[in-house]
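Some notes on the structure that comes next.
The values are calculated or read from the model by the stated rules, or taken from the named source; none is laboratory data. Quantities reported herein were computed from a predicted structural model and do not represent experimental measurements. Note: ideal-geometry Cβ built from the backbone for every residue, glycine included; neighbour counts use all protein chains shown. We work out accessible area using only protein heavy atoms, side chains counted, and drop any ligands, DNA or RNA first. Shrake-Rupley method; radii C 1.70, N 1.55, O 1.52, S 1.80 Å.
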Amino acid sequence: MYSVLFRNSLSKGDELITGYAINTEHGSTKVWNICIFKEEKMIREITKSDFELFWPEFSEIIKSQETYAFDQMMNLEESYDLWCKLPLKTYGFFEKNLILGTYYIKQNAMGPGNHICNCGYMVSKKSRGKGIARKMCEHSQIIALELGFEAMQFNCVVSTNEAAINLWKKLGFKIVGRIPKGYRHSRFGYVDSLVMYKSL
């Protein structure tokens, strides 16, 4: 026997509605892999065609060499494999059928370390400052729990990316490590990279 519940979580004026199907006989919970917001916004798993639409933004971000430790020369197929095929799941943030951001979730390590997940988030340049990264991170934590993870870890948060660091801190992540000169920034040269962690 299943009953459907909804949880409302207010985030900068948007109503986040996440569906839960509760098995009342066995106490298990199934989280739908979709979040619906007001004004025709939603988070759902992305397809290859979705990624192709986001590709210009993705390419610009990796070529800037300011936040991601990815090969700036990766083509669309290589990027799709890295972002969408290798992870366990990859989601997009959509508004009126336009993809404004995306994130992946995967194991941070194998074997004895596979209880911790790793995520990466990207938001299109024109859509930043609208709370999209926050919504995707909140969604990713729900998915992480559904997949059985106990914690989430970011391995290479560039120390000059203050907006991301401040957001992750607000969402409960702590800096647990610092790698001196761990990132070769296109404008600032060698800068530190941070390891951030949150127990779920």
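When each of MET74, MET122 is tested for being closer than 26 Å to PHE188 by Cβ, over 16 Å from the mean Cα position of the chain (by Cα) and touching a residue at least 12 places away in the same chain (Cβ under 8 Å), the lone residue that passes is MET74. Anything in the stretch 60-105 that is open to solvent by 70 Å² or more (accessible area, probe 1.4 Å) and within 16 Å of CYS156 (Cα to Cα)? List them, or say none. Result: ALA69, ASP71.
Pull up the stretch 50-91, narrow it to residues that are of a type in the set (Phe, Trp, Tyr) and in contact with a Lys or Arg (Cβ under 7 Å, 6 or more places away or on another chain), then point me to the one that is farthest from PHE149 (Cα to Cα).
TYR80
For GLU40, the test of being touching a strand residue (DSSP E or B) at 6+ places or on another chain (Cβ under 7 Å), surrounded by 11 or more Cβ atoms within 10 Å (Cβ to Cβ) and either modelled with pLDDT under 50 or within 20 Å of LEU145 (Cα to Cα) (or both) is failed. Every condition in (1) without any contact (Cβ under 8 Å) to a residue 24 or more places away in the chain; (2) out of contact with any helix residue (DSSP H, G or I) (no Cβ under 6 Å at 6 or more places or on another chain); (3) open to solvent by 20 Å² or more (accessible area, probe 1.4 Å) holds for THR160 except the one numbered (1).
The residues of the stretch 107-136 that are surrounded by 17 or more Cβ atoms within 10 Å (Cβ to Cβ) and under 15 Å from LYS198 (Cα atoms), listed by number, are ASN108, ILE116, CYS117, ASN118, CYS119, GLY120, ARG134.
Of the residues making up the stretch 93-100, not a single one is part of a helix (DSSP H, G or I), more than 23 Å from GLN141 (Cβ to Cβ) and of a type outside the set (S, T, N, Q).
Scanning the stretch 137-153 for residues being open to solvent by 10 Å² or more (accessible area, probe 1.4 Å) and among the hydrophobic types (A, V, I, L, M, F, W, C) gives a total of 4.
Might you let me know whether the stretch 180-198 holds any residue that is basic (Lys, Arg), surrounded by 15 or more Cβ atoms within 10 Å (Cβ to Cβ) and more than 13 Å from THR67 (Cα to Cα)? Full working, then the answer.
Of the stretch 180-198, the ones basic (Lys, Arg) are 181, 184, 187, 198.
Going one step further and asking which of them are surrounded by 15 or more Cβ atoms within 10 Å (Cβ to Cβ), we end up with 198.
Those still in the list that are more than 13 Å from THR67 (Cα to Cα) too: 198.
Checking the stretch 180-198: at least one residue is basic (Lys, Arg), surrounded by 15 or more Cβ atoms within 10 Å (Cβ to Cβ) and more than 13 Å from THR67 (Cα to Cα).
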